[in-house]
1. Name every residue in region 213-243 that is out of contact with any Phe, Trp or Tyr (no Cβ under 7 Å at 6 or more places or on another chain), of a type outside the set (A, V, I, L, M, F, W, C) and either buried (at least 18 other Cβ atoms within 10 Å of the Cβ) or closer than 14 Å to residue 17 by Cβ (or both), in order of residue number.
2. Do any residues in region 388-399 that are on the phi > 0 side of the Ramachandran plot have Cβ atoms under 8 Å from those of residues that are aromatic (Phe, Trp, Tyr) and part of a loop (DSSP other than H, G, I, E, B), where the two are at least six apart or on different chains, and which pairs are they?
3. Provide a single number: the residues in region 337-370 that are under 20 Å from the mean Cα position of the chain (by Cα), surrounded by fewer than 23 Cβ atoms within 10 Å (Cβ to Cβ) and more than 15 Å from the ligand (Cβ to nearest atom).
4. Go through region 255-292 and give me each residue that's within 14 Å of the ligand (Cβ to nearest atom) and more than 28 Å from residue 361 (Cβ to Cβ).
5. Out of the residues in region 422-454 meeting the condition of being surrounded by fewer than 21 Cβ atoms within 10 Å (Cβ to Cβ), of a type in the set (Gly, Ala, Ser) and in contact with a helix residue (DSSP H, G or I) (Cβ under 9 Å, 6 or more places away or on another chain), tell me which one is nearest to residue 58 (Cα to Cα).
6. Only residues in region 338-361 that are within 13 Å of residue 391 (Cβ to Cβ) and of a type outside the set (S, T, N, Q) count as the first member; pair them with residues that are away from the ligand (no atom under 16 Å from the Cβ) and modelled with pLDDT of 95 or more, Cβ under 6 angstrom, at least 6 apart or cross-chain, and list the lot.
7. Which of the residues that make up region 194-204 are modelled with pLDDT under 85 and closer than 16 Å to residue 179 by Cβ?
8. Residue check, residue 513 against (1) in a loop (DSSP other than H, G, I, E, B); (2) touching a Ser or Thr at 6+ places or on another chain (Cβ under 7 Å), all met but one. Which one?
Amino acid sequence: MPWPLIDRPSIQLGALKAYLARHEPRVTVRCHHPYLGVAETLGVELYRFIASDLWLSETLYAGLLFPECAEGQRAVARRRLRKAPGDPDPAEVVESLHGHLERFVAQPHWEETRLVGFSVCFHQLFSTLAAARRLKRRWPHLAVVLGGSACTGRVGRELLTRFPEVDFLVTGEGERSLLGLCRNLAGKTPDLPGGVMTREGEGGGACEEIDDLAELPLPDYRDFFAELSEGLGARMPLKVVLPVEFSRGCAWRKCRFCNLNLQWRGCRSKSASQVAEEVMELARRHLCLDFTFTDNLLPPAEAERFFAEISRSGKDLRFFAEIRAGISLRRLKGFRAGGLATVQAGIEALSNSLLARMGKGTTVMDNVLLMRNALEAGVELKGNLIVEFPGSTDQEAAETAAALDVLICFPPLDIATFFLGFGSPMAADPAAFGIRRTPPHRTAQRIMPRDLARCHPFLILGHEGDRSAQRARWREVRRKVAAWQRLYRGRKSTPFDPPPLSFRDGGDFLVIRQELPGGSVLHHRLRGRSREIYLALRQPLDLDRLLARFPGGTRESFVRFLEELTRKRLLFQDQGKWLALAVPWW
Ligand code: SF4
């Protein structure tokens, strides 16, 4: 259901269809991607605008479920649609969604369908429930099952209780539970499998995860391409990006704000050769060259083997993946050679005490090194800075703002305002972060009945504590990030121009080119030992290491030199270590 990105199929549906086809070939599975039809109905630009806003996207379908909250829904939709392309009328948008849903439900093949399953991730809950309600009304014989990361555990149980149109709910990994449910409905097994809930209780206990991901077949995306070619794709050729998965779960799993792993118990990974085979086959089958890894974190060692294999293939494939800071330049360059074009990294903060409280397990220096290395390796880095984190101090906000002054030599980060995730470690112990109360989210209370809002169905809690103080505290960081983004948008550079801070090595001297925010350019020259020290600092080093590596100088002369380069923003300094910021430009 809406609102996924329109340029890609659902890996959830593709994976489940392929798994059922392998284990129960007599079951016919048809995948639907109604978001393509909604994008066609609303227009791609408006669709994308709505899809980028959780509250707006859910509010527009909330009217089909809770007409008693119409006033609040209208107010939220009006305010959030204000900047939408084409200045749409909220009532007309809802009307269009309604019309699309009616057409979707009226398709004659539902008559011969036994079970309809919805995969529910972020932004898909109310569109799913609205579709389930209409399907059940029109075709009462249908059994309805929901599954996915947005209806796991307690939230899933609440949904089952409150929405009679949902018959079954899969909590956790879907493959084995859905297969077992199909067999049970076909009368082949007497009991429901693990991971399947009904209003009467749970099936055979907890969901059975697949230990060895080598058991998973290739996702089947053929229904997506058929649907695309008959509708949206016929009018508007899209570059399709195919989702692939290397691993499930997160090997780190310690970030205190994170609730991304509610549906997994463990972390498992495929082998590099399996993923390479899958990618090659998908590329061949669908004539696609672009892929996105759905992993929370790419498993670094296995990924290194994978990208080496892709690099050897000579194919121009491109990938997106999520990684963690701490990855070496050598490894990142290897990933790039195998097609890793864009990464999302959890930068989150530029204050060490804040990173520690978040449980990131990284330092500011790790983050800055990643930004530098990504630029040097030619990998686009997308990273967020979390602002208004509960309990953060004036000093932490000031440290962040000070770091930003230096980091403008790299492509800008984005701001992510903190939200309290249901099921996150923070939500389990809010007082430890200065959070006094966790009421339902204020917007949730306006668009749905209060008792439902109290179950936090979007996996977001409201929080009370130091919110207004945090808003004021982080204002300067927001301002600086906005200025940083403007600076990059306004840069008059071509792909052949160097980045704002780069160097060229003359063998026994170094020329560092530095663009200043106003557009003027400085050239710094470092000779002999100064050059060698700068090059050595492409890895963060402390003074003792430097003195050991470059004997003969006094501690004072080193400190003077390092501080001078730090003042000129050619070096970054943190916790007694220095890092050269300029990247080579050939
Ligand atoms: S934020 Fe990312 S790295 Fe941290 S626990 Fe969640 S999935 Fe893992």
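1. Once the filter is applied, which keeps residues that are out of contact with any Phe, Trp or Tyr (no Cβ under 7 Å at 6 or more places or on another chain), of a type outside the set (A, V, I, L, M, F, W, C) and either buried (at least 18 other Cβ atoms within 10 Å of the Cβ) or closer than 14 Å to residue 17 by Cβ (or both), region 213-243 yields 219, 220, 221, 222, 223, 227, 233, 243.
2. 388/418; 388/474
3. Here the count works out to 3.
4. none
5. Within region 422-454, the match that is nearest to residue 58 (Cα to Cα) is 423.
6. If the second residue must be away from the ligand (no atom under 16 Å from the Cβ) and modelled with pLDDT of 95 or more, the pairs left are 354/392; 354/396.
7. Once the filter is applied, which keeps residues that are modelled with pLDDT under 85 and closer than 16 Å to residue 179 by Cβ, region 194-204 yields 203, 204.
8. With respect to (1) in a loop (DSSP other than H, G, I, E, B); (2) touching a Ser or Thr at 6+ places or on another chain (Cβ under 7 Å), residue 513 is out only on (1).
The values are calculated or read from the model by the stated rules, or taken from the named source; none is laboratory data. Source: prediction; values computed, not measured. Cβ sites come from the backbone with ideal geometry, for glycine too, and all protein chains shown count toward neighbours.
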